[in-house]
1. Taking only the stretch 198-237 into account, find how many residues are more than 16 Å from I113 (Cβ to Cβ), in a loop (DSSP other than H, G, I, E, B) and open to solvent by less than 30 Å² (accessible area, probe 1.4 Å).
2. Test E338 against the stated conditions and say whether it is assigned to a loop (DSSP other than H, G, I, E, B) and acidic (D, E).
3. Determine the pairs where a residue that is more than 14 Å from M234 (Cα to Cα), located within the stretch 111-137, has a partner that is assigned to a loop (DSSP other than H, G, I, E, B) and open to solvent by 20 Å² or more (accessible area, probe 1.4 Å) with Cβ atoms under 6 Å apart, the partner being 6 or more residues away or on another chain.
4. Condition first: out of contact with any helix residue (DSSP H, G or I) (no Cβ under 6 Å at 6 or more places or on another chain), in a helix (DSSP H, G or I) and open to solvent by 80 Å² or more (accessible area, probe 1.4 Å). Now tell me which residues in the stretch 281-298 satisfy that.
5. Filter the stretch 150-172 down to residues that are small (G, A, S) and surrounded by fewer than 19 Cβ atoms within 10 Å (Cβ to Cβ) and give me whichever is nearest to G199 (Cα to Cα).
6. For the stretch 1-31, which positions are in a helix (DSSP H, G or I), at pLDDT 90 or above and of a type in the set (K, R)?
7. State all residues of the stretch 238-272 that are open to solvent by less than 10 Å² (accessible area, probe 1.4 Å) and of a type outside the set (S, T, N, Q); if no residue qualifies, say none.
8. Report whether or not S363 is in contact with a Pro (Cβ under 8 Å, 6 or more places away or on another chain) and modelled with pLDDT under 95.
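The values are calculated or read from the model by the stated rules, or taken from the named source; none is laboratory data. Everything numeric in this text was worked out from a predicted model, so none of it was measured. Positions of Cβ are backbone-derived with ideal geometry, glycine not excepted, and every protein chain shown enters the neighbour counts. Remember, those area values only see protein heavy atoms, side chains included, never the ligands or the DNA or RNA. Shrake-Rupley method; radii C 1.70, N 1.55, O 1.52, S 1.80 Å.
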Amino acid sequence: MPIVEVSLTDLQRLARRSISSEDLLKALELMKGEVEEISGDSIVFEASHDRPDLFSAEGLGRALRYLLEVEEPPSTFTVGGDMAELRIVNPPRYRPYAYVSIVKGVELDNEAIKQLFQLQEKLHATYCRDRALVSIGLYDLDKVKLPIIYTSVNNARYVPLGYSEEMDLKEILEKTEKGVKYAHLVKEGEYPLLTDSEGQVLSFPPILNAEWNKVTPETKNIIIDVTGTEPHLMMRVLSVVTYAVLERGYGKALIMGARVIGGAPDNPYPITPYLEGKSFSVHVEDIESLLGLRVSTEDIPVLLKRMGYAVTSITSDGVKVWVPPYRVDVHGVVDIIEDLAISYGYNGLPTETPPPTHFSGRSSIEHLTRTIRDIMVGLGFNEVVNFMLIDPDILRLVTDESFITVANPKMKTYSALRNCMLASILIAGKVNSEKMGEVEVFEVGDYVTPKQHNAESVRGMAFLLMGDKYTLTDGLVTAKSIALTLGLKYRFEPYEGKPYIRGRAAKILLNDVEVGRVGEVHPEVLVELGLMKPAVAGEFNLTKILHEIIKRK
């Protein structure tokens with residue numbers, strides 16, 4: 001969870017009313033935040049990971065205005081002034097997208113600048129995956145000659161932010177702290193570069209901005225850029241930052257749009273920033289179904305406005321709600337109803353204990369799962385636990401089977417549902433190999449396999465033996481021990497396929513039904529995952545094994 005530091009004085013300026021520490025504590029609780037420390041004017045709190053709009057004082061002050069009913073949320077945002085241009089000319093192929101927005105009429109001081117750059121760094125560390133997917137830049141617009149140009153170059157020279165001497169791009173990668181840290185994100189001979197129309201360097205993204213156009217207390221107009229690899233994520237990040245900067249106009253600033261010219265033909269955003277937001281119909285029946293609470297159509301707008309939503313129309317059975325673009329955590333009606341419940345107060349929701357629908361008892365698959373755990377621990381393995389969400393690139397390394405992807409992932413690392421256990425156990429091996437000479441681990445859990453019109457959840461178990469001494473024989477012995485302990489007749493057959501070395505893998509069969517595989521992991525897979533030791537991995541389908549056990553009885 002991001003830790004955010006704000007000034008109470010600054011918050012009051014943004015909220016446009018006085019706020020006591022008690023008011024702030026209650027408000028943060030409603031926003032799923034938790035105060036860590038209050039020291040004088042400084043407040044440190046832990047923000048919810050899914051509310052990036054609260055990663056700085058600007059978003060928190062705006063949320064307080066609505067929660068404390070200082071003003072009602074707007075039902076739309078508009079662009080003012082002429083449209084700027086962002087020209088994309090021969091961009092780096094590995095980082096082809098760029099977007100900009102402009103906010104005019106801001107009033108800055110040192111605290112405001114501190115907060116904006118805190119937001120930038122918190123977003124970089126979380127949603128932007130440490131700049132690998134998205135990088136953010138802010139510049140003084142009045143020092144820049146439009147249009148902005150995004151391109152790739154072999155080299156260039158400029159004075160980087162925080163330095164007084166001019167350097168070329170290679171020197172920046174070698175001599176500056178950010179250059180050394182993020183050099184792996186760029187490719188030599190195809191360096192990303194943002195310039196103005198006169199060729200002045202604005203930034204070397206995702207590494208370091210220039211010194212000459214940095215934001216200062218004298219800055220009145222700000223240009224914001226995002227560059228990266230995932231356009232939808234980039235636009236969400238740009239929205240969060242743009243509307244945070246807009247707050248520094250204290251009701252007087254305006255947003256200026258930009259037209260993207262050139263670049264990738266599949267660019268989904270030719271005009272930036274995204275101002276349309278989302279609209280949802282929230283019905284009384286939906287609220288009652290999820291919360292067990294009957295809320296009138298007169299009370300729904302009051303509760304939702306406190307949480308920052310604009311209610312655009314009211315009908316006899318519900319309301320139409322507009323979600324502002326910076327609320328990137330809202331994907332559907334359920335999210336809105338959750339905020340309504342928070343506004344209403346969880347303690348006020350009715351409670352009811354439903355009668356039991358069946359006799360208690362552990363299911364057959366849980367009995368088998370517990371037995372498998374006991375067997376693996378008895379064999380000397382350590383148990384690990386991973387998320388079901390995983391990086392799709394890792395799944396493609398270990399299997400050719402199809403898998404399900406997440407529609408609105410917060411990051412690529414968790415954007416697919418695993419369709420086997422092998423991928424997760426190899427990740428566990430990578431983490432533990434850095435601390436242990438030899439790795440003997442297993443995991444029992446569920447994975448999901450897509451069907452024609454739905455999906456099936458499967459219980460599985462995978463194990464990993466990693467170190468110089470392990471061979472296929474060790475994997476076969478482990479599989480044999482499991483089968484014999486369960487009292488099952490088994491046999492092995494040769495197997496060829498990912499992620500194993502050809503001729504060094506086997507299928508595990510019970511009654512001619514394939515229930516698992518084991519083998520030596522191919523060196524190419526190991527290198528791709530960053531594993532530097534030989535590895536033997538196996539996987540069992542416990543759902544199939546249970547079915548065979550039941551058939552035998």
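1. Let us first name the residues in the stretch 198-237 that are more than 16 Å from I113 (Cβ to Cβ), namely 198-208, 210, 212, 225-237.
Within this subset, residues satisfying the condition of being in a loop (DSSP other than H, G, I, E, B) are 198-200, 205-207, 212, 229-230.
Adding the requirement that they be open to solvent by less than 30 Å² (accessible area, probe 1.4 Å) leaves 205-207.
Total satisfying the criteria: 3.
2. Numbers: assigned to a loop (DSSP other than H, G, I, E, B): no; acidic (D, E): yes.
Taking the combined requirement at face value, the residue does not satisfy it.
3. Hits for this filter: zero, empty list.
4. Selection gives E285, S289.
5. Of the stretch 150-172, the ones small (G, A, S) are 152, 156, 162, 164.
Next, from what is left, pick out any that are surrounded by fewer than 19 Cβ atoms within 10 Å (Cβ to Cβ): 156, 162, 164.
Working: A156: 10, G162: 21, S164: 19 Å.
Out of the qualifying residues, it is A156.
6. Our first condition is that a residue be in a helix (DSSP H, G or I); within the stretch 1-31, this holds for 8-15, 21-30.
Pick out the ones that are also at pLDDT 90 or above and you get 8-15.
Correct list: R13 only.
7. Here is the first cut: in the stretch 238-272, the ones open to solvent by less than 10 Å² (accessible area, probe 1.4 Å) are 238-245, 248-249, 255, 257-258, 272.
Within the stretch 238-272, L238, V240, V241, Y243, A244, V245, R248, G249, I255, G257, A258 meet the criteria.
8. no
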